[in-house]
Amino acid sequence: MAVYFIYTVDGVSTVVRLFNEFNFWESGGVRPVVVQNPEDVRIIMAASGNDHSLFLTDRGAVFALGTGR
């Protein structure tokens, strides 16, 4: 099973795969949670790999999610 992140910018929704179908999900090491985006943070771009995702804000900050490897 894959885990996906969905975000919307200017009315356009984008789906980003956060994790692949390997054993992350089955191992119980990954549990989906709702992450509250602070109201003053606006994500303008996202990129993902097998084990991580990066999010760029309109102020140039980068946030990362992943397995920590």
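Laboratory data are not the source of any read-out in this text; all were calculated from the coordinates shown. What you see is a predicted model; the values in this text were computed from it and never measured.
Things to note:
- The H on the amide N of MET45, modeled in the peptide plane, is under 5 Å from the matching H of LEU56, each at least 5 residues off or on a different chain.
- Compared with the direct C-alpha span, the chain from ASP51 to ALA64 gains 3.6 nm at full extension, assuming 0.36 nm per residue.
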